[in-house]
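The values are calculated or read from the model by the stated rules, or taken from the named source; none is laboratory data. Everything quoted here is computed from the prediction, not taken from an experiment. In this analysis, Cβ positions are derived from the backbone assuming ideal geometry, glycine residues included, and neighbour counts consider all displayed protein chains. Only protein heavy atoms, including side chains, enter the accessible area calculation; ligands, DNA and RNA are left aside. Shrake-Rupley method; radii C 1.70, N 1.55, O 1.52, S 1.80 Å.
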Amino acid sequence: MNWEVMANRFERERGAVLLEIRETARLWESVRCPEDGGFVFCYDHTEALTWRHLNVFQHRCEITCRLPRGKCRQCGHVFRVRPPWEGLSTHFTKEFEAFALLLMREMPMSKVAEVVGETDTRLWRMLFRQVDAAYAEADFSNVCCVGVDELSVRKGHAYVSVFADLVKKRVMFATEGKDHTTWEAFVAALEQHNGHRHALTQVSLDMSPAYLKGVKETCRNAQVVFDKFHVIAHAGQAVDEVRRAELRAGGAGVWAALRRSQWLWRKNPENLTESEQARLAKIDQKNLCTAKAYQMRLVLQDIYRSATATEAGRRLRVWVRWVRWVARTHPKNLLRAMVKVADLVENHLAGILAHWKWGLTNAFMEGLNSVFSATKRKARGYRSTTHLITMLYLVAGKLRLPQF
Ligand SMILES: [Zn+2]
């Protein structure tokens, strides 16, 4: 044994169990100089240091030790011997860190701090070290299908671009911003971890031009796929915009029909509650642009049930013409948001149809939204994007972190 327990005592006033540990003479048989591997002798000891360990029943437990410092017989280098119980942070044992990581996956950081009785600053520092160490070991060598999405950190403000491996269903990389430089940053991270830009065969994107430019410029083998989830989301937002434009424009009965109705139009008919169905039935839909936009969204969704890309392509072209035609017959251009979606669909038809060739990949990207919301709740109160991204890696990165 290289270490032994000299004493253990219970400090009644703190309610804490203290384990006093020191090294044995045998330790020096196995310690070598970190500089040149030379033999080492005991030079001196540090002050007494403490490490938080797992509780003993309800009592806080700490290890305390005056760590020996070794001196190399060859080069004279003096260094602190690293004890086997120490985690990646200087205040906690390995076991305590693994336990705290387990809690961090389940609850907000402020709550973890409360439960274990440590400061959140220490806990965050530990999390940063654990995630940094595990992330450095992450292997992206077989990554071929990637999805990217921009997620808002605070409503209407900062954005984070999140890149995911769609096969292994894990977050690979996240960075602040949503312009084309984020794609370059992703490719750099990919290649630092044994991946290769030309190994990417499928990239699933929102229809934002920024990522598209990045993919086209750097990844020649990648087929761009516009996710079903994003296409439908664009149409859903358009319905909302049409509703707001129509409310602003006013007109007979419009206010009564559309007031506080946004949730009706966001759902699919089969998901409406009975009272919502009754409300929808009462609305005179014939002359409402919002109702037309809603129908357009439902038809677009239905087109995704097409069996083949050929059939879907034909139906999408018809859909585009239908939207434009209906929009022209309405005054005040109230349907212009939906016409913009029609333009997007026409301009990105090949990428949209790639959905049929490559199969369904959007489930993970769609789920990412709720994972991200949960991550924001866990990191609530900590404003930096680094906190948020680190927490996202913990929750969704599938990193090799210590298991409790
Ligand atoms: Zn040495």
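Between region 355-396 and region 9-30, the C-alpha centres lie 42 angstrom from each other.
Between E217 and R9, the contour length at 0.36 nm per residue exceeds the Cα-Cα span by 68.4 nm. Mean-square fluctuations from a GNM of the chain, with a 10 angstrom spring cutoff on Cα atoms, peak among V254, V78, V131 at V78.
Residues in region 297-302 carry Karplus couplings, in order, of 5, 5, 5, 4, 4, 5 Hz; the curve used is 6.51 cos²θ - 1.76 cosθ + 1.60 with θ = phi - 60°, and Gly or Pro positions show x.
Please label the shape of region 326-373 as rounded, prolate or oblate, based on the square roots a ≥ b ≥ c of the eigenvalues of the alpha-carbon gyration tensor (a/c under 1.5 means rounded; beyond that, a/b larger than b/c means prolate, else oblate). It is oblate, given that a/c is not under 1.5 and a/b is not larger than b/c. If both residues of a DSSP beta bridge must be in the chain, then about 75% of such bridges are antiparallel.
Check each of the GluC sites (Glu not before Pro) in region 109-216 and keep only those in coil by DSSP with at most 15 other C-beta atoms within 10 angstrom; list them in order.
Values: sites: E114, E118, E137, E150, E176, E184, E191; in loops: E118, E137.
Counting only loop positions with at most 15 other Cβ atoms within 10 Å, the GluC sites (Glu not before Pro) in region 109-216 are E137.
Tell me what the chain gives for mean residue ellipticity at 222 nm when only DSSP H runs of n ≥ 4 count, each as -39,500 (n - 2.57), the sum divided by the residue total, rounded to 500 deg cm²/dmol.
Working: 16 runs with 192 residues, N = 404.
After summing the helix terms and dividing by the residues of the chain, the value is -15000 deg cm²/dmol.
Shape class for region 74-140: oblate, because the ratio a/c of the largest to smallest gyration tensor axis (alpha-carbon atoms, square roots of eigenvalues) is 1.5 or more and b/c is at least a/b. For A25 and H196, a Förster radius of 41 Å and the Cβ-Cβ distance give a FRET efficiency of 0.20, rounded to the nearest 0.05. Between R260 and R125, the modelled label-to-label distance comes to 5.1 nm, taking each label 7 Å out from Cα in the direction of the beta carbon.
Each label was represented as a point 7 Å from its Cα along the Cα-to-Cβ direction; for K94 and A307 these points are 5.8 nm apart. Label sites at N271 and H45, each approximated as a point 7 angstrom past Cα along Cα to Cβ, lie 6.5 nm apart. When the chain is treated as a Gaussian network with alpha carbon springs shorter than 10 Å, the biggest mean-square fluctuation among V339, V299, V56 belongs to V56.
Based on the alpha-carbon gyration tensor of region 260-372 and its eigenvalue square roots a ≥ b ≥ c, which shape applies: rounded if a/c is under 1.5, prolate if not and a/b is larger than b/c, or oblate?
On the way: a/c = 1.99, a/b = 1.22, b/c = 1.63.
Oblate.
Within region 131-241, DSSP assigns beta bridges of which about 65% are antiparallel (rounded to the nearest 5). Per the Debye calculation on the chain with a single equal scatterer at every Cα and no solvent contribution, log₁₀ I(q)/I(0) for q = 0.07, 0.08, 0.10 Å⁻¹ amounts to -0.51, -0.62, -0.83. For the chain, the longest principal axis of the C-alpha atoms and the axis of helix 309-328 are separated by about 60°. Hey, in the GNM for the chain with a 10 angstrom Cα cutoff, which one of G214, G37, G195 fluctuates hardest? Judging by the Gaussian network model, the answer is G37. Separation of region 45-80 from region 151-203 is 40 Å, based on Cα centroids. Rounded to the nearest Hz, the phi-derived 3J(HN,Hα) couplings of region 16-25 under the Karplus curve 6.51 cos²θ - 1.76 cosθ + 1.60 (θ = phi - 60°) are 10, 9, 10, 9, 9, 10, 9, 7, 9, 4, where x marks glycine and proline.
List the pairs from K155/K292; K111/K376; K168/K398; K228/K267 whose alpha-carbon separation is above 19 Å, in the order I gave them. The partial results should precede the final answer.
Working: K155/K292 29 Å; K111/K376 14 Å; K168/K398 9 Å; K228/K267 16 Å.
Listed pairs above 19 Å: K155/K292.
What percentage of the solvent-accessible surface of the chain, computed with a 1.4 Å probe over protein heavy atoms, is contributed by carbon and sulfur atoms? Summing carbon and sulfur atoms, their accessible area is 52 percent of the total for the chain.
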